[in-house]
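Have a look at the structure below, then the notes.
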Amino acid sequence: MTVGFNSSQPSALAKLTANPTVLKIIKPALVGALVGGVSGSPNLGALSASATVGLGLLDPNYARRSEMLKLHNQQANLLEATEAQLGAVRLELAQFKQAVYPRGRVMVFVDGSNLYYSAREQNKGRLDYDKLFTCFRHGASAVSKVLYFTGVDRSNSGMSGFLDYLRRLNQPLEIVSKPVVRGENNELREKGIDTEIVLKMMEFAKDYDTAVLVTGDGDMLGAVQRVQQQHRRVEVASFPQNVSRVLREAADEFVDIGQLEVFEA
């Protein structure tokens with residue numbers, strides 16, 4: 001039989017225990033009932049119902065405390081179950097995302113001069129940079145940015161026009177430029193471009209899953225290896241005739257630009 005204490009009228013037992021003298025006498029029995037009820041041992045007290053009675057007399061808020069504890073436990077169990085379900089959904093979503101977007105987030109690093117002169121050697125026609133950069137979006141969940149590295153000769157109006165053309169492309173493009181310097185025989189030379197590419201690849205490593213390095217320069221081998229140590233994929237994009245063997249072998253994938261439909265007759 002369940003004994004309740006929620007009635008507005010106090011029970012006879014509650015009235016008795018309201019008397020300090022009576023409570024002093026019956027308190028040991030109540031404690032015994034509590035111990036016996038909790039332990040389940042008939043030698044130590046009465047049944048668990050008696051323990052509930054004893055707790056209700058010793059602590060008028062026992063029933064509420066007990067109910068609150070049950071609610072806390074239900075909440076904890078619900079949160080645990082929900083978190084387990086969310087974990088399963090996250091895993092399934094990640095697997096689908098890997099299948100749909102195998103390259104993950106992509107960032108493109110273009111050695112401008114290397115690409116320009118390599119493409120010109122192939123004599124395939126004018127390179128459409130917009131189509132080229134769009135090709136790098138294939139299988140990517142997002143293209144964070146295309147970084148185009150180049151030396152700049154301020155006196156060369158043709159170069160200024162070309163850079164303006166790049167800026168007008170519908171691409172997330174950023175031009176990273178360094179002034180050209182005059183070397184021996186008064187020839188213009190780029191300086192610091194390779195270093196700049198390495199620094200940017202490392203700086204943005206947290207923002208991409210796959211780096212597309214557009215160059216054939218074997219000096220970029222160190223950049224490829226450093227990025228791979230950060231558990232990122234590196235695709236090298238160039239022409240087979242113009243790419244360093246060690247760079248191509250180090251890449252997770254080689255993209256032959258000559259096989260892409262990115263040239264205009």
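Arrange the residues M68, M202 by how much accessible surface each exposes, largest first, with a 1.4 angstrom probe.
M68, M202
What list of ³J(HN,Hα) couplings, whole Hz, do you get for region 133-149 from phi and the Karplus terms 6.51, -1.76, 1.60, once you set θ to phi - 60° and write x for glycine and proline?
After applying 6.51 cos²θ - 1.76 cosθ + 1.60, I find 5, 5, 4, 6, 7, 4, x, 10, 6, 6, 9, 5, 5, 10, 9, 10, 9 Hz.
Under a 1.4 angstrom probe, counting protein chains only, how are H138, H72 ranked by accessible area, largest first?
The residues order as H138, H72, largest area first.
What net charge is computed for the residues neighbouring Q229, neighbours being all others with C-beta under 14 Å from the C-beta of Q229, Lys and Arg scored +1, Asp and Glu -1?
Residues near Q229 contribute +3 overall.
What net charge is computed for the residues neighbouring V176, neighbours being all others with C-beta under 15 Å from the C-beta of V176, Lys and Arg scored +1, Asp and Glu -1?
Net charge in that neighbourhood comes out at -1.
What does the charge count around R137 come to, taking other residues whose C-beta lies under 13 Å from its C-beta (Lys +1, Arg +1, Asp -1, Glu -1)?
That works out to +2.
Excluding ligands and nucleic acids, what accessible area in Å² is computed for L173 using a 1.4 Å probe, to the nearest 10?
40
Order K131, K178 by their accessible area, 1.4 angstrom probe, all chains in place, largest first.
K131, K178
Under a 1.4 Å probe, what is the accessible area of region 131-265 per residue, stated in Å²?
54
May I ask you to give the percent of accessible area on region 147-265 that is carbon plus sulfur, with a probe radius of 1.4 Å?
After summing per-atom areas, the C and S share lands at 42 percent.
Once phi is turned into ³J(HN,Hα) by the Karplus curve 6.51 cos²θ - 1.76 cosθ + 1.60 with θ = phi - 60°, what whole-Hz value does each residue of region 110-120 show in order, with x for glycine and proline?
Karplus values, whole Hz, x for Gly and Pro: 10, 7, x, 5, 4, 5, 4, 6, 5, 5, 5.
Calculate, in whole percent, how much of the Cα-Cα pair population of region 168-265 lies beyond 18 Å.
Of the Cα pairs, 56 percent sit more than 18 Å apart.
Report the GluC sites (Glu not before Pro) located in region 169-265 that are in a DSSP loop and have at most 15 other Cβ atoms inside 10 Å of their Cβ, or state none.
Listed in order of number, the matching sites are E187, E261.
Give me the percent of DSSP beta bridges within region 132-265 that run antiparallel, rounded to the nearest 5.
Bridges in region 132-265 are about 10 percent antiparallel.
Quick one: which residues, 5 or more positions from V152 or on another chain, have an amide H under 5 Å from its amide H? H modelled 1.01 Å from N in the peptide plane, none for Pro or chain starts.
K178, V180
The values are calculated or read from the model by the stated rules, or taken from the named source; none is laboratory data. The structure presented is a predicted model; accordingly, all values stated were derived computationally and were not measured. A quick note on method: Cβ atoms are made from the backbone with ideal geometry, for glycine too, and the neighbour counts reach across all protein chains shown. The accessibility values were calculated without ligands, DNA or RNA, using every heavy atom of the protein model including side chains. Shrake-Rupley method; radii C 1.70, N 1.55, O 1.52, S 1.80 Å.
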